[in-house]
Each structure stands twice: as structure tokens, then as C-alpha cells.
Amino acid sequence: MESYKFDKIEKKWQKKWRESGLFKVDVKNSANKYYCLMMFPYPSAALHVGHGRNYIIGDVVARYKMMKGSNVLTPMGWDAFGLPAENAALKNGIHPKESTLNNIATMKRQMSSWGVEYDWDKEVASCNLDYYKWTQWMFLKLFEKGLAYRKKAFVNWCPSCNTVLANEQVTDGACERCESEVEQKKLEQWFFKITDYAERLLNDLDKLNEWPEKVKTMQSNWIGRSSGVNIDFPIEGTDKKLTCFTTRVDTIYGCSYMVLSAEHPMIDEIIENSPEKERIKKFVNKIRMESKIERLETSVEKKGIFTGRYVTNLITGEKIPLWIADYVLMEYGTGAVMAVPAHDERDFEFAKKYKLPIKVVIDNPNKHLIQEKMTEAYEDEGVLVNSDQFNGLKNTEAMERIADYMEKENIGRRTIHYRLRDWLISRQRYWGAPIPIIHCQKCGAVPVPEKDLPVVLPSDVEFRPTGESPLKNAESFVMTKCPVCAGSAKREIDTMDTFVDSSWYFLRFISPKQDDAPFNKKDVDSWLPVDQYIGGVEHAILHLLYSRFITKVLFDSKLVGFDEPFKRLFTQGMIVKNGAKMSKSKGNTISPDALIKKYGADTVRLYTLFIGPPEKDAEWSDRGVQGAYRFLKRVWTLLDILSKAPSSVKEKGAELETLRKMHQTIKKVTEDIDGNFHFNTAISAVMELVNLIYKVLSEKGADSYSKGTLREVLNNVCLLLGPFVPHIAEEIRQSLGEKESIFRSKWPEFREDMQRADTVVLPVQINGKLKGRVEVKCGLSPEEIKKRVLNDDKVKSYLVNKEIRKWIIIANKLINIVIPTQTTS
RNA sequence: GGGCGAAUGGCGGAACUGGCAGACGCAAAGGACUUAAAAUCCUUCGGUUGAAUAAACUGUGAGGGUUCGAUUCCCUCUUCGCCCACCA
């Protein structure tokens with residue numbers, strides 16, 4: 001028997017799978033369909049083993065489902081637009097298109113070397129004309145529905161990347177990508193009105209019962225629904241009013257001042273006649289200039305200034321001072337806050353600093369609050385005091401009663417606020433899909449007619465970032481005719497956020513070559529939603545929320561017949577090395593290429609899957625790879641052992657035991673994969689089975705198994721290992737004389753009757769502590785078991801002169817005898 | 001500050017619904033084979049006491065509780081991770 005030559009074997013089978021079209025799918029036939037999708041990657045220079053985990057997991061699922069009889073579609077594509085390619089181009093002068101295509105070729109080669117296969121006929125790349133044409137088409141659909149709009153807005157500006165960032169791309173006031181401090185800039189920008197869908201995006205999370213709770217919670221927090229009351233406060237001496245949003249209307253009697261955000265649009269008007277006008281203006285401007293990073297720093301003391309004006313708290317009739325402060329956000333609520341220092345930490349701190357009144361209106365039921373002695377705000381539940389007619393009510397009840405009263409008196413209205421804000425999609429960058437809009441002096445912003453799509457991204461552009469889109473200087477691109485009045489006009493020069501590209505790609509895979517529509521509706525409706533989506537948890541909010549949004553928009557336009565794109569979601573953990581995420585900058589990446597060369601793809605796959613539960617982060621160990629290699633060699637050697645096995649055996653005990661173990665293993669592996677992809681325990685179960693064979697051979701001799709039995713076991717081992725280590729499994733099975741590919745064969749069925757032994761060893765506990773074991777026949781009655789246990793010498797020795805209080809007998813599991821405990825008196 | 005999750009040998013991790021803690025793998029130690037090494041095969045491997053492969057005790061971050069029985073459920077605390085964060 002030849003030794004395990006993984007290199008030869010792996011090349012051979014990779015070729016066979018491709019030639020036989022194992023992964024090719026005809027979308028017209030959707031019977032038994034299973035759409036298994038990996039998040040398509042950004043084409044970066046080279047993959048490391050951390051990336052590999054993602055594709056390997058997907059490949060295992062796809063191959064397993066094939067064996068289970070599904071018609072499995074697994075396509076792959078490229079999220080090919082984006083900043084890194086452009087930044088790299090600035091450094092080394094290679095055009096983003098060229099470097100992107102190179103990277104794609106490298107990654108495809110790496111994927112193949114892992115034995116990870118896809119239906120490559122369906123490959124898409126978001127930077128290709130025939131793809132981004134339809135991204136632009138999506139924009140037009142949203143524009144038609146009034147869901148794409150332009151407005152001048154304070155935007156997050158990264159001075160290093162020279163572009164605007166979405167809120168989602170700003171972390172701790174810094175650019176997610178380059179970690180530069182983000183500035184605020186007021187610019188004319190395109191937005192998608194995702195806030196229109198806030199309620200549905202939130203409510204429909206309930207439909208996603210096969211998504212991880214964690215991801216749903218993150219989305220739910222991000223959408224951030226809070227219900228409260230909008231309350232009007234007339235401005236003293238004018239006919240204007242300010243409206244503020246509160247979730248704690250029960251504290252309205254404790255409202256002792258009001259605060260505006262520095263960005264509040266009415267500030268100029270309010271301070272117009274103030275003698276302190278200039279001083280206030282200066283203060284406001286200073287706050288506006290402050291970066292997000294400074295303003296988010298909670299440890300920094302809050303700053304504010306009195307406007308000189310008062311507003312009326314209509315429920316009490318009190319005049320309260322109107323302030324401007326840096327701790328109020330314009331983006332949330334109305335940009336105006338009613339301050340209740342006694343019951344809000346921030347207001348408390350502010351009131352103490354500026355000596356504003358603090359009035360207790362919710363008393364702590366456990367410890368009476370004394371205003372003068374308070375050192376911090378009391379934010380918990382309690383009973384209303386100092387609140388006129390509402391005194392004595394529980395604050396939760398008071399919320400409803402006061403809201404009712406306000407609505408009746410027309411002082412305020414119940415309302416719901418979301419933290420979610422509209423999606424800013426403009427990017428002042430070159431390497432993206434141009435926004436299909438034409439600006440005409442006469443007609444304004446006019447959409448490019450569908451028949452004129454795509455708006456082609458010019459290739460010969462100086463794309464050095466200047467703060468404006470590089471497309472600005474591409475005259476032949478910019479200058480155009482207005483589609484409405486035919487007058488001369490200019491094209492929009494911004495490109496779209498790449499998250500737009502990736503929010504619909506799962507549809508394009510179904511009809512990647514369709515040239516008169518983004519996708520074929522009938523086929524898409526028969527293949528979607530995606531049955532299994534797999535990707536990193538870092539996309540829990542952005543990509544997954546945007547994709548859900550776009551799907552809902554398409555659903556409302558009757559362009560697709562489903563309103564959630566991903567039925568089941570699996571988020572895999574990262575592979576870390578020396579405790580840190582693998583990254584080029586940290587220099588701790590492990591390239592799969594060298595490992596594959598040394599041990600083969602199957603070993604790398606096996607180790608990657610064995611390293612731990614796939615949803616968790618895992619620490620990479622080069623040593624551990626050895627163990628996987630060792631195991632595969634042990635399996636391979638079984639072929640040799642088989643060739644020397646006798647044709648029959650007299651003593652069948654070992655065979656029976658092994659067959660029993662085999663059926664237990666089939667059950668375990670099936671359940672582990674079906675459950676939550678616990679490949680690590682599935683693999684260890686197969687290892688146990690293989691270990692048992694070796695143990696029997698060493699203890700009972702080389703002729704313990706007949707050829708037939710050993711062949712059957714080995715065949716099943718191959719079937720069970722097929723999804724994990726497909727090459728070696730195919731090769732061994734072929735050596736066993738099987739003609740058909742594993743992935744066109746049936747997943748083994750376990751036989752319930754084969755799993756059980758006739759006898760079982762029961763642990764015997766006394767007062768919950770293990771004291772012995774007895775072997776009994778299965779299905780013995782409790783009385784018979786008791787008899788048997790009381791006959792056991794060891795157990796007996798513990799029961800001398802003891803009264804048995806109680807027997808606990810768990811069938812086929814355990815026996816516990818309860819006796820009086822010794823008390824030392 | 002809020003939300004979610006985690007904590008088990010030297011290490012990665014296992015334990016179904018409350019029922020034999022440490023499966024499986026790595027590392028380590030010993031043995032077989034070999035002139036030798038590698039590879040392979042076999043054995044041992046939580047801790048303490050013990051000559052012991054006898055036996056006992058102890059043991060799943062800490063403390064308490066429920067239970068015949070707790071890694072698992074409840075309460076308090078500690079540490080770590082992730083997400084969100086001046087969100088009214």
C-alpha cells in the first residue's frame with residue numbers, strides 16, 4: 001500500500017470535482033434547493049488561515065447538504081470596490097482595477113488549494129460594469145420611491161481618507177479604517193432613508209428565529225427604539241415654541257431648566273436680541289468646532305451657557321431658563337432636552353456646576369430622598385411627590401397618566417424615536433459605482449434614465465484624494481446633457497458607499513448574466529431567501545442591516561417575493577494568533593500555502609475545523625496541525641490493515657462493539673453538524689471510532705476484524721469525514737471499490753437498534769458521591785437493579801449499619817442511594 | 001455607564017434536558033521498533049496524601065442558596081471579551 005501522498009490525491013480530486021460539475025447548479029430546477037452563501041470577500045492581497053476558516057466552514061456545509069440530498073447552490077464573488085485598492089494605487093501606482101483583478105486571481109487560487117469549491121459560473125465582482133450598472137439601478141429604484149434624497153448635513157469627515165464616513169464607520173470618534181480623528185463638515189450628500197424602515201427592521205427580527213440572538217440584539221440596539229413624549233415649551237416673549245423629547249415624562253414636575261444642542265436651528269433666533277449675543281455665539285461656535293472625540297469624552301466636564309431666555313413648563317406654569325450645552329446631541333430626539341437634575345445624572349452634574357435648582361419628584365421607596373443631601377441623581381423607579389394631582393402614583397403609572405393628560409391638554413404627544421439615522425451613501429472617492437444623477441441648472445438633480453445605465457466609471461482619472469471626488473476633473477465624464485431639458489448639465493461626481501454594492505449581491509448570483517434586469521424575479525423567488533448565510537460577526541450591524549433594508553424596499557416594489565434575505569445566519573469566530581486578530585499590520589498572519597504544501601489541504605481543513613467551536617474565536621497553533629495530520633495518516637493506514645484482514649472471524653465480539661460504536665458515531669456526527677455546526681466534536685467522535693479500531697487490533701490481534709466488517713466501517717468513516725476532508729475520503733473510498741463520488745452518495749443513516757449494548761455499566765452514588773459501578777442488563781426493573789446493587793461488595797461496605805432512606809434510579813444512567821449523613825456532634 | 005457573553009488540567013477544548021467532570025487533540029513522561037534518529041505503535045498524564053497501577057480526600061473564577069445529586073438552575077461578587085455609549 002502506498003503511503004499517504006496528499007499532493008497527488010488532492011490535485012486529482014479537485015480536477016475531478018470540477019470536470020464532473022459537482023458544484024454546478026441549474027437555477028431553473030429549484031426542487032430541494034439549498035442556497036449556501038459565504039459573505040463575499042473584499043479582494044485583498046493574500047488570504048490567511050483566518051479567512052480560510054470562513055470558506056472551509058461553508059464548504060463543509062455545502063458538501064454535507066449535497067450528501068443529504070439537497071440541490072446545493074454555493075456561489076462566490078467579490079466585493080471589489082473600495083478604499084484599500086485606491087489607497088494601494090496611490091502608493092504603488094497600479095490602477096485599482098488591475099490590482100483588484102490580480103487579488104481576485106490569487107484568492108481564487110488559494111480557495112481551490114483548500115479544496116473549497118463553488119459554482120464559478122455564477123461569479124460576480126461588484127466593480128464590473130455589468131454588476132454596478134445594477135447597483136446604479138437600485139439607486140434609481142430608491143430615488144423613485146423617495147428613499148434616496150440629498151441634503152446638506154453635518155457629516156463625519158475623515159481628513160486622512162479624505163472622505164465622508166457613515167455613522168457606522170466611525171468608532172469612538174475615529175475613522176474605522178485609518179483611526180484618524182473624524183471631523184464634522186457640512187456637505188451636500190446623498191442619503192438612503194433607512195429610517196422609514198426602522199420599525200419593520202426591528203419588528204421583523206422576530207421572524208429571524210434561526211439567527212444568533214447576539215446579532216439580533218446588536219441590530220435591535222442599533223435601531224434603538226424608545227417611546228416617550230414630545231412636549232412643547234412656549235418661548236417666553238415670542239409666539240414660538242420648543243419641543244423636546246423625553247422618555248421620562250413622569251419627571252416633568254422636576255424639570256428646572258431646558259437645554260439646547262449647539263447645532264439647534266433656532267439658536268440664532270433665540271439669541272437675536274440678547275445683549276450677550278456675541279459671547280453666546282462664540283461659545284456655540286467653539287462647541288461646534290470640537291471634534292466628536294472630545295465631545296464623546298464623558299469624563300470631560302459638561303459646558304453650557306444661559307441664553308437669557310425662558311420657556312414655560314406648561315404643566316406647572318413655571319418659567320424655566322433656557323440653556324445651550326455641549327452634552328445635548330442634535331442627532332437624537334429634537335435637539336432639545338428638558339432637564340430634570342434630580343433624576344438624570346447628566347442634568348444633575350450640570351445643575352450642580354451652574355447652580356440650577358434640583359427638585360425631587362420621584363421618591364425612593366426604600367430610602368426617602370432629601371434634596372439637599374443628594375450626591376447623585378436618583379434614576380430608578382419610585383413614587384411621585386411634588387407633582388400636584390399625580391402625587392402618590394407609581395412613576396410607571398404616572399408616565400401613562402401624565403401622557404394622557406398632556407395629549408388631552410395638547411401640551412405634548414406620545415411619540416417613538418429611533419437611534420437609527422439615515423444611511424449616508426455619498427463617497428468622495430474614485431473606486432466605486434458613480435451615483436446615477438445629473439445636476440441641471442434648470443431641473444435640479446435629475447436621475448439618469450434607466451436606458452442610459454450604466455454611468456461608466458472612467459478609467460483614466462487622476463484619483464488623488466483632494467477632499468472632492470477625483471471624478472471632478474474628468475471633464476468628459478462630468479459634462480453631459482440634462483435628460484429632461486437637454487440643456488448642458490453636470491454629472492454627480494460622488495460614488496456610492498460599497499455597502500450599497502454588497503446589499504444586493506446575493507440576488508445577482510441567481511442570474512449573474514441577466515442583461516435586461518438585475519435578476520430574474522422568478523428564479524430569485526424560487527431560490528431565496530438564502531438558506532444558510534455564513535460570515536464574520538463584524539458584519540452584524542452594517543452589512544446585514546443594509547441587506548435587510550434593500551430587500552424590504554424591493555419587496556415593497558414587488559420586485560422580489562420575500563422580505564428577509566437570510567433565513568439562517570451563522571457568524572464564525574476569528575482565528576487569533578498570540579491573542580490578537582490576524583492582520584498584516586500586526587505581522588501575525590499564518591499563510592495557508594506553506595502548510596498546505598507540507599501537510600496537504602485536508603490536514604489544514606481538519607485542524608481548522610477541529611480547533612474549537614466555529615462560532616468562537618480560536619487560537620492558532622502550528623503544533624496542533626501535526627495532530628490533524630497524524631489522524632489522517634491513521635485513517636489512511638486502515639487501508640493497509642484492511643488488505644491484510646482475514647475473510648472471516650470466529651470471535652465476533654469486537655466486530656459487534658465496533659459496529660455499535662460506528663452507529664453511535666454516525667448519530668453524533670449528524671447531530672453535531674445539524675445542530676450548530678459543532679465540527680470539532682463531530683471530528684473527535686470519528687477519532688474515537690478510529691481509536692477503537694486500533695485499540696482492538698492491538699489488544700485482540702490483527703485478525704479481530706473480517707474484511708467485510710472493516711470495509712464497512714472504513715467506508716462509513718469516509719462518508720462521515722467527507723465534508724471535512726474531502727480529498728482523502730474520496731481516495732480511500734475509491735480504493736474500497738466505490739465508483740460514485742462521496743458527494744453524490746447518501747449520508748449514512750444510523751440504526752437505533754445497532755447503537756445499544758445488552759448490558760450497561762451503571763455508576764452507583766451514595767448521597768451524590770460516586771462510590772462504585774455495577775454492570776446490569778438493559779431494561780432491568782428497579783427492584784432487580786436494587787437487588788443487584790445490594791449484592792455488590794463494594795457498595796455493601798458503605799451501607800453497613802446504615803438505613804437506606806431513598807433510591808434514585810435513572811434508567812440506563814445512574815443510581816443514587818440516600819443514607820443519613822453523619823453529623824459530628 | 002448600558003447590553004450581551006464567557007471563566008473547566010501545562011494548553012485548545014468536551015459534558016445531551018440537573019445525573020460518572022476533563023471526551024478528542026496538543027504538549028510532557030515512559031516503553032516497543034531502529035546501529036541511531038524521524039515516523040509509527042503501546043502506556044501514563046487535574047491536585048493532595050500514598051511505595052503503589054491499593055485506598056482516601058479534594059476539584060469546573062470566589063462566596064452563598066435550591067436539590068438525593070450542580071460545570072449546568074438562582075442570588076452576590078471578581079476578572080476577561082464583544083457590542084453600544086452624554087440616546088434625554
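The values are calculated or read from the model by the stated rules, or taken from the named source; none is laboratory data. If you're wondering where the values come from, they're calculated on a predicted model, not measured in any experiment. Every residue, glycine as well, gets a Cβ built from its backbone with ideal geometry; the counts of neighbours run over all protein chains shown. Remember, those area values only see protein heavy atoms, side chains included, never the ligands or the DNA or RNA. Shrake-Rupley method; radii C 1.70, N 1.55, O 1.52, S 1.80 Å.
Using the Karplus curve 6.51 cos²θ - 1.76 cosθ + 1.60 with θ = phi - 60°, work out ³J(HN,Hα) for each residue of the stretch A:620-627 in order, rounded to whole Hz, and write x for Gly and Pro.
7, 9, 4, 4, x, 4, 3, x
Which sequence of A:D388, A:D672 reflects their accessible areas, 1.4 Å probe, from the largest down?
Ranking A:D388, A:D672 by accessible area, largest first, yields A:D388, A:D672.
Need one number: % antiparallel among DSSP beta bridges in chain A, to the nearest 5.
Antiparallel bridges make up about 75 percent of those DSSP assigns within chain A.
Given A:K8/A:K661; A:K141/A:K207; A:K28/A:K616; A:K28/A:K552; A:K207/A:K522; A:K24/A:K577, which pairs have Cα atoms separated by over 30 Å?
Cα-Cα > 30 Å for A:K8/A:K661; A:K28/A:K616; A:K24/A:K577; rest within.
Counting other C-beta atoms within 10 Å, and keeping those with at most 12, which DSSP coil GluC sites (Glu not before Pro) do you find in the stretch A:248-284?
Sparse-neighbourhood loop GluC sites (Glu not before Pro): A:E272.
If amide H atoms are built 1.01 Å from N in the plane of the peptide, which residues on other chains or at least 5 residues away come under 5 Å of the amide H of A:Y35?
Under 5 Å from the amide H of A:Y35 lie the amide H atoms of A:L73, A:D531, A:Q532, each far enough along the sequence or on another chain.
Between Rg and the Kirkwood Rh of the stretch A:733-792, both from Cα atoms, what is the Rg to Rh ratio?
Expressed as Rg/Rh, it is 1.35.
Run down the aspartates and glutamates and flag those whose C-alpha is under 16 Å from the C-alpha of A:K558, throwing out any fewer than 8 positions away in its chain.
Candidates past the 8-residue exclusion: A:E144, A:D523, A:D525.
How many Å² of accessible area per residue for chain A, probe 1.4 Å?
46
Can you pull the percent of chain A's accessible area that's carbon plus sulfur, 1.4 Å probe, other chains left in place?
49
Quick one: of A:K16/A:K68; A:K277/A:K303; A:K240/A:K302; A:K303/A:K352; A:K769/A:K794; A:K193/A:K240, which pairs are farther than 19 Å apart, Cα to Cα?
Check vs 19 Å cut-off fails for A:K16/A:K68; A:K240/A:K302; A:K193/A:K240.
When Lys and Arg each count +1 and Asp and Glu each count -1, what net charge do the other residues less than 15 Å away from A:K794, Cβ to Cβ, add up to?
Cβ neighbours under 15 Å give a net charge of +3.
Rounded to the nearest 10 Å², what accessible area does A:V717 have for a 1.4 Å probe in the complete protein model?
The accessible area of A:V717 comes to roughly 0 Å².
Could you run the Karplus curve 6.51 cos²θ - 1.76 cosθ + 1.60 with θ = phi - 60° over the stretch A:640-657 and give me ³J(HN,Hα) per residue in whole Hz, x for Gly and Pro?
5, 4, 4, 5, 9, 6, x, 6, 8, 10, 7, 8, 9, x, 5, 4, 4, 4
Roughly how many Å² of A:K359 are accessible to a 1.4 Å probe, to the nearest 10?
Solvent-accessible area, nearest 10 Å²: 60 Å².
Semi-axes of the stretch A:399-517's equivalent ellipsoid from the Cα gyration tensor, sqrt of 5 times each eigenvalue, largest first, rounded to whole Å?
For the stretch A:399-517, the semi-axes come out at 40, 21, 17 Å.
Order A:415-424, A:205-214 from most to least packed using the mean count of other Cβ atoms within 10 Å.
A:415-424, A:205-214
Run the 1.4 Å probe and let me know the accessible area of A:S99, rounded to the nearest 10 Å².
20
Just tell me which lysines come within less than 17 Å, Cα to Cα, of A:K472; anything on the same chain fewer than 8 places away is out.
A:K481, A:K490
What net charge do the residues around A:F390 carry, taking every other residue with its C-beta under 13 Å from that of A:F390, with Lys and Arg at +1 and Asp and Glu at -1?
Combined, the nearby Lys, Arg, Asp and Glu give -4.
Taking N as the number of residues in the stretch A:20-99, what value does Rg over Cα atoms divided by 2.2 N^0.38 Å take?
Relative to the 2.2 N^0.38 Å estimate, the stretch A:20-99 comes out at 1.44.
Can you tell me which aspartates and glutamates have their Cα less than 16 Å from the Cα of A:K91? Leave out same-chain residues fewer than eight positions away.
Straight-line reach from A:K91, under 16 Å: A:E462.
What ranking, highest mean first, results for peptides A:765-773, A:607-615 when packing means the other Cβ atoms within 10 Å averaged over each residue?
Most protected by this proxy first, the peptides run A:607-615, A:765-773.
If one puts a single equal scatterer on every Cα of the stretch A:348-398 and applies the Debye formula without solvent, what log₁₀ I(q)/I(0) results at q = 0.28, 0.30, 0.31 Å⁻¹?
For the stretch A:348-398 at q = 0.28, 0.30, 0.31 Å⁻¹, log10 I(q)/I(0) is -1.10, -1.18, -1.21.
Could you give the C-alpha radius of gyration of chain A expressed as a fraction of 2.2 N^0.38 Å, taking N as the number of residues it contains?
Compactness ratio reported: 1.22.
Can you give the Rg to Rh ratio for the stretch A:292-447, taking only C-alpha atoms and Rh from Kirkwood?
1.12
Give the shape of the stretch A:603-700 as rounded, prolate or oblate, defined through the alpha-carbon gyration tensor: a ≥ b ≥ c are the square roots of its eigenvalues, a/c under 1.5 means rounded, and otherwise the shape is prolate if a/b is larger than b/c and oblate if not.
Oblate is the answer for the stretch A:603-700, as a/c is 1.5 or above yet b/c matches or exceeds a/b.
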